[in-house]
Amino acid sequence: MDARARLRRLVTLRPSRTQSVVALLCAAVGFSLAVQVGRDDADALDALSQSDLVRVLDEVTTRNDELAAERDALRIELEELRSGVTSQEAARAAAEQQILVRSIQAGVVPVRGPGIIVTIEDPDAVVRAQSMVTLIEELRNAGAEAIEVNSVRIGTSSWVGSADGGMEVDGLKVAAPYRVTAVGSPDNLKVALEMPGGILSSIRATGASARVETPDEVRIESVRALPDLRYAEVVESGD
């Protein structure tokens, strides 16, 4: 097949997907004009010499190869952009989740969820602060994610002490009946407190009463105020 026939074949071949897109775009700005230009170009082939036809064919082939390479590069760039956006979104979601977890652990946001409510009746004031400390620790060990004693939110720096006619938690007076609310697995929390020889058994042995409730949902509305840091500062990476 000579160069003229090969070039005519390029003109008359069924268009590929890429050529179809180009044709549609051309149609948007003037289909009739595009058809006329195509006819003029086809007729102009008859006036070209053999060497000119070969040159034109080479240029068309080279241009097609360049366009294909550009298409492939754009596809790669698009995939990289999509991957980058996905990674950024994942990192942002992870950071937001960490903020939420730290806020709950620090006790600075109200929470709700499954859990238990422990009510301790102590009319004779026989329950000591150490028993409350042990109860809180048992709840933490059993997976409690948030704890409240009466209206005081328990945090990592909380403390319990004795006070006239009751106790004080983080410096705030609390009195019987003591109401301890914990968010976590109700089964795990209840088993940890009710095990034979456990903390509730010890409290009942003093003459106080204790009962455990497992409602569908418990709410802890109290929050802690974060103290201003006087000494600690963040260490930047590489320091």
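The values are calculated or read from the model by the stated rules, or taken from the named source; none is laboratory data. All values reported here derive from a predicted model rather than from experimental measurement. No Cβ is skipped: glycine too gets one built from the backbone with ideal geometry, and neighbour counts run over all protein chains shown.
Of the numbered criteria (1) surrounded by 14 or more Cβ atoms within 10 Å (Cβ to Cβ); (2) at positive phi; (3) touching a Ser or Thr at 6+ places or on another chain (Cβ under 8 Å), the one residue 150 fails is (3).
For residue 116, the requirement of being on the phi < 0 side of the Ramachandran plot, touching a Leu at 6+ places or on another chain (Cβ under 7 Å) and in the same structural domain as residue 205 (by TED's automatic domain parsing) is met. Being modelled with pLDDT under 90, surrounded by 10 or more Cβ atoms within 10 Å (Cβ to Cβ) and assigned by TED's automatic domain parsing to the domain that holds residue 186 narrows it down to one residue among 131, 83, 157; which is it? Of the residues listed, the single one that is modelled with pLDDT under 90, surrounded by 10 or more Cβ atoms within 10 Å (Cβ to Cβ) and assigned by TED's automatic domain parsing to the domain that holds residue 186 is 157. Note on segment 75-156: enclosed strands (runs of 3 or more DSSP E) holding 2 or more residues that are among the aliphatic types (A, V, I, L, M) are 115-121, 146-149. The C-beta contact set for segment 56-69 (first residue surrounded by 10 or more Cβ atoms within 10 Å (Cβ to Cβ), second residue part of a helix (DSSP H, G or I) and basic (Lys, Arg), distance under 8 angstrom, 6+ apart or interchain) comprises 57/6. Residues that are out of contact with any Lys or Arg (no Cβ under 8 Å at 6 or more places or on another chain) and of a type in the set (Gly, Ala, Ser) were ranked within segment 101-119; the one that is surrounded by the most Cβ atoms within 10 Å (Cβ to Cβ) is 115.
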